[in-house]
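Engineer: Attaching a single structure in structure tokens format; questions to follow.
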Amino acid sequence: MLRKEDLFLWRSVVDNTELVTEEKPADRMAAEGAGAAAATRPDDSIRYRMSDVRVVKAGTGYSLPFLDGSVMSFLATGADTHETVSFWEFTLPAGGQGPPPHVHHGHDELFYVVDGDLVVHTASEPLAVAKGSLVIVPRGAQHTFSNEGATTMRMVGTFSPPRFEHYFEELAKEIASRGGQRPDPSVIARLYGKYDSELAT
């Protein structure tokens, strides 16, 4: 059952509002810009106890450059959630393309569009996803996505279980080594293979 407290926490992420809470030091290091080198993963020695309630404020996620100038920011990683789920925010510039069509075999995904418009390309058809819509991507479903609108698209979502978050760390290093350019599909395919995923054939 959804509690009022859960709804307040969700709205604090989606609407960029802040809950009134005790001030605590940040535990996330962010990379600056899509072409920046990969951010340093938070040090486990400064993590809060699992029993602590805390707020991850807007702009303090663990951010990594992704494809076509997009940025993936993790607000909660598996280490924060007993390895049950990652919660992230993703921005994709106008005209940006996601990875090649692919399938995940080890996790399920949710996408909730906060700003702009998203197109999710399935095995059978493209699906237009407007602001305020939720996309459910079960493991085994072929998909990719693009931003065919005129403004930046922003969405939040989950990986469950969260192991796939480490793919973004490795890909960020590949992007940084290429001066911010998109790696060859063979590089993406190799990394996908490490995380129970594959490019569609």
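Engineer: Looking only at residues in segment 61-90 that are open to solvent by 40 Å² or more (accessible area, probe 1.4 Å) and within 12 Å of the chain's Cα centre (by Cα), which one is farthest from P162 (Cα to Cα)?
Structural biologist: E89
Engineer: Tell me, yes or no, whether segment 75-88 has at least one residue that is assigned to a strand (DSSP E or B) and in contact with an Asp or Glu (Cβ under 6 Å, 6 or more places away or on another chain).
Structural biologist: yes
Engineer: Now a separate question. Being polar (S, T, N, Q) and in contact with a Phe, Trp or Tyr (Cβ under 7 Å, 6 or more places away or on another chain) is the filter here, so list the residues in segment 78-108 that pass it.
Structural biologist: Matches in segment 78-108: S86 only.
Engineer: Continuing with the same structure: Before we move on, is R54 under 19 Å from L191 (Cα atoms), without any contact (Cβ under 8 Å) to a residue 40 or more places away in the chain and not aliphatic (A, V, I, L, M)?
Structural biologist: In short, no.
Engineer: For the structure I just gave you, tell me whether D108 is modelled with pLDDT under 95 and either surrounded by 15 or more Cβ atoms within 10 Å (Cβ to Cβ) or closer than 20 Å to T201 by Cα (or both).
Structural biologist: Against the criterion (modelled with pLDDT under 95 and either surrounded by 15 or more Cβ atoms within 10 Å (Cβ to Cβ) or closer than 20 Å to T201 by Cα (or both)), D108 does not qualify.
The rows are residues; the columns are (1) closer than 22 Å to G78 by Cα; (2) in contact with a Leu (Cβ under 7 Å, 6 or more places away or on another chain).
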{"site": "P100", "(1), (2)": "no, yes"}
{"site": "D117", "(1), (2)": "no, no"}
{"site": "A123", "(1), (2)": "no, no"}
{"site": "I136", "(1), (2)": "yes, yes"}
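The values are calculated or read from the model by the stated rules, or taken from the named source; none is laboratory data. Everything quoted here is computed from the prediction, not taken from an experiment. Methodologically, a virtual Cβ is constructed for each residue, glycine included, from the backbone with ideal geometry; neighbour enumeration extends over all protein chains shown. When the accessible area is computed, the model is the full protein with side chains, heavy atoms only, and any ligands, DNA or RNA have been set aside. Shrake-Rupley method; radii C 1.70, N 1.55, O 1.52, S 1.80 Å.
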